[in-house]
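S.K.: Let me begin by handing over the structure; questions about it come next.
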Amino acid sequence: MNVVRIAIDDVSVFWWRALNWAVNQQTGENGFVAALNNNGIAYPNDPFRNRLFVGAKRVIPFSGNKSFQDLYAAHSEHPSFLVGYFGYDLKNQLEVLSSRNPNRLGFLDIYFVEPEWIIDFESDAIEVKGYGDTDDLMRQLTADVQSDVTHSFPAMVQCRVTSDEYQANVRRIQQHIREGDVYELNYCIEFFAENLLLNPLATYQALSQRSPMPFSNFLKLGERYVVGASPERFLKKEGRTVVSQPIKGTIRRGSNEEEDAHLRNQLLNSEKERAENLMIVDLVRNDLARSAITGSIKVDELFGIYGFQQVYQMISTVSATLREDMSWAQAVERAFPMGSMTGAPKIRAMELIDELEVSRRGLYSGAVGYVTPDGNFDFSVVIRTLLYNAQSRYASFSVGSAITYDSNPAEEWEECLLKARAIREILENNP
């Protein structure tokens, strides 16, 4: 692999220039681009690196119901960077589960490639890794780039459930809780737009400006796009240490410093939000215990409050040390899907999710990220994310909240609307 490091005057400007070049260069149904960006936001255990993956040197083949094993085998055969996603419906390979709703977007359950180029963006330079001519690549990156001439048009965004339907389902979930089926369930709803002409890159840039997040991501998979502003890490591995950082607890930001401080304290001291967060922390600890050395699991931070541009979030951090007989792929598999997006107990929660939700989750509430040649990895949770099929002109994004015994159905609906606001306004106002 060739490696070259080049000093850059304005890395932030060059980031968008390089991403625009990549999108225009990777045309056709096999075109591949993946961009991960932390937007300069500090995060415990570090956010995503600012990294651009371009081109598919190798597309990992998957067959049957052993996708995690297939991915590990492909990585072991030829250790390299692999970048892509795990879709939520991989749950059907891990447990006796099914998905009754149609796949309206057409994303596969899992997709990973070995990229042709990896470009890391540092504070004053970029580092390019790849197997081709790095000088030629730099000439392309620094040449005048023709912008994508595709224009977006304002969308008519619809929700697949009404407020009354949503609140009725929340009450049904609470009845399941009273009957002892579950003690928390993450219930999600889909917003969508049909016959939509969209410029995905312009939309991603607008979302990054409107809602900058530490796990921002943009994927181009042929004619399908992922436009993400995720605040949540699913799982990270460095050496034998794995870290999960579930989010449970959300409140809006204030319009001034005084209101902002009041809302932050309100979230921190909310018994309901702390109870939700603690339930998921316990679930994560149990998930990590399936692959960790006994006694190595630690809660490094409980109920941390972190501010983002639109909201405050309650984030906890759980870490563990992997057993020597556990591969990196088994660590992901045994924790997937993330408890913050299911509820607890996890299997019964996923059964009820499929009964109650009217949309297939697909890539939503799955994970996006990468694996390094030595088997380290970092994956974020697919939330606050727009999914777009340019061929069918169908766009979709989903939001949800954790339903507990003492949830207020009307307040949970309002929380969903708050989480949907950034993407909805971008689509309706034409980026």
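None of the figures in this text is laboratory data; all of them are computed from the coordinates on show. None of the values given here were measured: they were computed from a predicted structure. FYI the Cβ positions are ideal-geometry reconstructions off the backbone, even for glycines, and counts take in every protein chain you see.
S.K.: Is there a pair in LYS57/LYS346; LYS66/LYS237; LYS220/LYS346; LYS220/LYS248; LYS57/LYS419; LYS66/LYS419 whose C-alpha atoms are over 25 Å apart, and which pairs would that be?
M.R.: In this structure, LYS57/LYS346; LYS220/LYS346; LYS220/LYS248; LYS57/LYS419; LYS66/LYS419 lie more than 25 Å apart at Cα.
S.K.: Could you calculate the FRET efficiency of ARG334 with ARG58 from 1/(1 + (r/R0)^6), where r is the beta carbon distance between them and R0 is 35 Å, rounded to 0.05?
M.R.: 0.85
S.K.: Restrict the search to region 46-81; then list the chymotrypsin sites (Phe, Trp or Tyr not before Pro) that DSSP places in a loop and that have at most 16 other Cβ atoms within 10 Å of their Cβ.
M.R.: none
S.K.: How large is ³J(HN,Hα), in whole Hz, for each residue of region 393-401 in order, when computed from phi with the Karplus curve 6.51 cos²θ - 1.76 cosθ + 1.60 and θ = phi - 60°, using x for Gly and Pro?
M.R.: 6, 10, 10, 8, 8, 10, 9, x, 8
S.K.: What does the charge add up to near LEU108, with Lys and Arg as +1, Asp and Glu as -1, over the other residues with Cβ less than 12 Å from its Cβ?
M.R.: Here the charged neighbours net out to -1.
S.K.: With everything on Cα atoms, drop me the angle between helix 67-77 and the longest principal axis of the chain, reported from 0 to 90° to the nearest 10.
M.R.: That works out to roughly 30 degrees.
S.K.: How much length would be gained if the chain were fully extended between ASN429 and GLN25, taking 0.36 nm per residue of separation minus their Cα-Cα distance, in nm to one decimal?
M.R.: This chain segment gains 142.7 nm when fully extended.
S.K.: Working out 0.36 nm times the residue gap between ASP181 and THR162, then minus their Cα-Cα distance, what length gain in nm do you get to one decimal?
M.R.: Working it through step by step, the gained length comes to 4.3 nm.
S.K.: Now for a separate question. Counting residues in region 64-160 as N, plug N into 2.2 N^0.38 Å and put the Cα Rg over that result.
M.R.: So region 64-160 has a normalised radius of gyration of 1.57.
S.K.: So what J values fall out for region 122-128 if you push phi through Karplus, 6.51 cos²θ - 1.76 cosθ + 1.60 with θ = phi - 60°, rounded to Hz, Gly and Pro as x?
M.R.: After applying 6.51 cos²θ - 1.76 cosθ + 1.60, I find 9, 5, 9, 7, 10, 10, 10 Hz.
S.K.: How big is region 29-91 on each of its three principal axes, counting only the C-alpha atoms and giving the largest first in Å?
M.R.: 40, 27, 24
S.K.: Around ALA125, which amide H atoms from residues at least 5 apart in sequence, or from another chain, sit under 5 Å from its own amide H, with H modelled in the peptide plane?
M.R.: Sorted by chain and number, the residues that satisfy this are ILE8.
S.K.: Step by step: find N for region 2-429, compute 2.2 N^0.38 Å, then divide the Cα radius of gyration by it. What's the final number?
M.R.: Relative to the rule-of-thumb radius for its length, region 2-429 sits at 0.95.
S.K.: If you don't mind, there's one more thing I want to ask. Between region 6-33 and region 153-183, how far is it from one alpha carbon centroid to the other, in angstrom?
M.R.: With region 6-33 and region 153-183 each reduced to a Cα centre, they are spaced 40 Å.
S.K.: Could you work out the helix-only [θ] at 222 nm for the chain, with each DSSP H run of four or more residues adding -39,500 (n - 2.57) and the total divided by the number of residues, to the nearest 500 deg cm²/dmol?
M.R.: So the calculated ellipticity at 222 nm is -10000 deg cm²/dmol.
S.K.: Evaluated at 10 °C with a viscosity of 1.306 mPa s, what Stokes-Einstein diffusion coefficient in µm²/s does region 292-348 have when Rh comes from the Kirkwood expression over alpha-carbon pairs?
M.R.: Roughly 117 µm²/s, to the nearest whole number.
S.K.: May I pose another question? Counting only other residues whose beta carbon sits under 12 Å from that of VAL227, what net charge do I get with K and R as +1, D and E as -1?
M.R.: For residues surrounding VAL227, the net value is +4.
S.K.: Another question, if that's okay. Amide H of PHE234: which non-local residues (sequence gap of 5 or more, or other chain) have their own amide H closer than 5 Å, using H built in the peptide plane?
M.R.: Here the answer is PHE379, SER380, VAL381, since their amide H atoms fall under 5 Å of that of PHE234.
S.K.: For ARG253, what residues show an amide H to amide H distance below 5 Å, using hydrogens built from the backbone and excluding near sequence neighbours?
M.R.: Those qualifying (amide H under 5 Å, at least 5 residues apart or on another chain) are VAL311, TYR312.
S.K.: Provide the gained length on full extension for the span ALA7 to SER327, in nm with one decimal, where the gain is 0.36 nm per separating residue minus the Cα-Cα distance.
M.R.: Roughly 111.5 nm would be gained on extension.
S.K.: Which ³J(HN,Hα) values, rounded to whole Hz and listed in residue order, are derived for region 253-258 from phi using the Karplus coefficients 6.51, -1.76 and 1.60 in 6.51 cos²θ - 1.76 cosθ + 1.60 with θ = phi - 60°, glycine and proline given as x?
M.R.: Those phi angles translate into 7, x, 8, 8, 4, 5 Hz.
S.K.: Give the distance, in whole Å, between the Cα centre of region 201-234 and the Cα centre of region 250-268.
M.R.: With region 201-234 and region 250-268 each reduced to a Cα centre, they are spaced 25 Å.
S.K.: So if R0 is 30 Å, what FRET efficiency would LEU302 and GLU258 give, r being the distance between their Cβ atoms, rounded to the nearest 0.05?
M.R.: 0.65
S.K.: Sticking to Cα atoms, compute the Rg of region 189-252 to one decimal and its Dmax as the biggest Cα-Cα distance, whole number, in Å.
M.R.: Over region 189-252's Cα set, Rg and Dmax evaluate to 15.1, 47 Å.
S.K.: I've got another one for you. Could you please report the charge total around ASP124, scoring K, R as +1 and D, E as -1 over all other residues with beta-carbon less than 12 angstrom from its beta-carbon?
M.R.: After counting each charged neighbour, the total is -3.
S.K.: I would also like to ask the following. What is the spin-label model distance, in nm, from GLU414 to GLN140 if the labels are put 7 Å beyond Cα along the C-beta direction?
M.R.: It works out to 5.1 nm between the two label points.
S.K.: Can you check what the Kirkwood hydrodynamic radius comes to for region 203-316, Cα pairs only, in Å to one decimal?
M.R.: So the Kirkwood estimate lands at 16.0 Å.
S.K.: In Å and on Cα atoms, what radius of gyration and Dmax does region 1-123 show?
M.R.: In order Rg, Dmax, the Cα atoms of region 1-123 give 17.1, 54 Å.
S.K.: Give me the log10 of I(q) over I(0) for region 128-239 at q = 0.09, 0.14, 0.17, 0.23 Å⁻¹, as the Debye formula computes it from C-alpha points; what are the numbers?
M.R.: -0.48, -0.94, -1.15, -1.29
S.K.: A follow-up question, please. Can you give me the Cα centroid spacing of region 358-423 and region 80-127 in angstrom?
M.R.: After rounding, the separation between the Cα centres reads 14 Å.
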